[in-house]
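Some notes on the structure that comes next.
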Amino acid sequence: MALILVVDDSPTMMSATSKILTTAGHEVIQAGGGYEGIEKAVSGKPDLILMDVVMPDINGFQATRKITTNPDTKHIPVIILTTKDQETDKVWALRQGATDYIVKPPSKQELLSKIESALGS
C-alpha cells in the first residue's frame, strides 16, 4: 500500500486518521505542524500527504504551497483534511496545489476513496 504523511496538530484527529489508514494497510508518517510536515515530505518522500489547515506554526495552505512548488516534492499529491467547510477554502486549497479537499471528520469510506483516487489506484 502507500506511505502517507498525516500533518495535523490535533493528537485526537491524528490518531483517528492514522488508525483508518493503518487498518487499510497503509504506512503512516506523522507531523504535528506545517513546518514539520514540509520537512517530513522532503525527507520521507511519502506517496501522499493529508494536510490539516488550522495549525499553530504555518497553516496548511502555506505548507501545501511550499510542498507543491518544491521540485523535490511537487509530485506528491496533497489532500486537505480540515474543519473549514467553505467553498472559498476549497478553491484556495486547490489554487495552492492541493489534489483534493475533505471536511473533517471524514467517513472511512470517503477518506480511503479520495486517497485511492489521488494515488491513481
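Taking interchain pairs and intrachain pairs at least six residues apart, which have beta carbon atoms under 6 angstrom, with the first residue in the range 43-71 and under 15 Å from Ala2 (Cβ atoms) and the second of a type in the set (A, V, I, L, M) and in a loop (DSSP other than H, G, I, E, B)?
Asp47/Ala2; Leu48/Ala2; Ile49/Ile76
Mind counting the residues in the range 69-106 that are closer than 21 Å to Pro11 by Cβ, polar (S, T, N, Q) and surrounded by fewer than 18 Cβ atoms within 10 Å (Cβ to Cβ)?
Count: 1.
May I ask you to list the residues in the range 87-103 that are more than 17 Å from Ala63 (Cβ to Cβ) and under 13 Å from the mean Cα position of the chain (by Cα)?
Result: Val103, single match.
Taking Val53 as meeting all but one of (1) surrounded by fewer than 18 Cβ atoms within 10 Å (Cβ to Cβ); (2) outside any helix (DSSP H, G or I); (3) in contact with a helix residue (DSSP H, G or I) (Cβ under 9 Å, 6 or more places away or on another chain); (4) not basic (Lys, Arg), write down the number of the exception.
For Val53, the exception is condition (1).
Give the range 58-86 a look and list any residue that's touching a helix residue (DSSP H, G or I) at 6+ places or on another chain (Cβ under 8 Å), closer than 18 Å to Gly44 by Cβ and not in a strand (DSSP E or B), or say none.
Within the range 58-86, Gly60, Ala63, Thr64, Lys66, Ile67, Asn70, Asp72, Thr73, Lys74, Ile76, Pro77 meet the criteria.
In the range 9-26, which residues are within 21 Å of Asp47 (Cβ to Cβ) and not in a helix (DSSP H, G or I)?
Those that are within 21 Å of Asp47 (Cβ to Cβ) and not in a helix (DSSP H, G or I): Ala24, Gly25, His26.
Within the group Gly37, Gly44, which residue is surrounded by 22 or more Cβ atoms within 10 Å (Cβ to Cβ), modelled with pLDDT of 95 or more, closer than 16 Å to Asn70 by Cα and not hydrophobic (A, V, I, L, M, F, W, C)?
Going through Gly37, Gly44 in turn, the sole match is Gly37.
The values are calculated or read from the model by the stated rules, or taken from the named source; none is laboratory data. Because the structure is predicted, anything quoted here is derived from the model rather than measured. Positions of Cβ are backbone-derived with ideal geometry, glycine not excepted, and every protein chain shown enters the neighbour counts.
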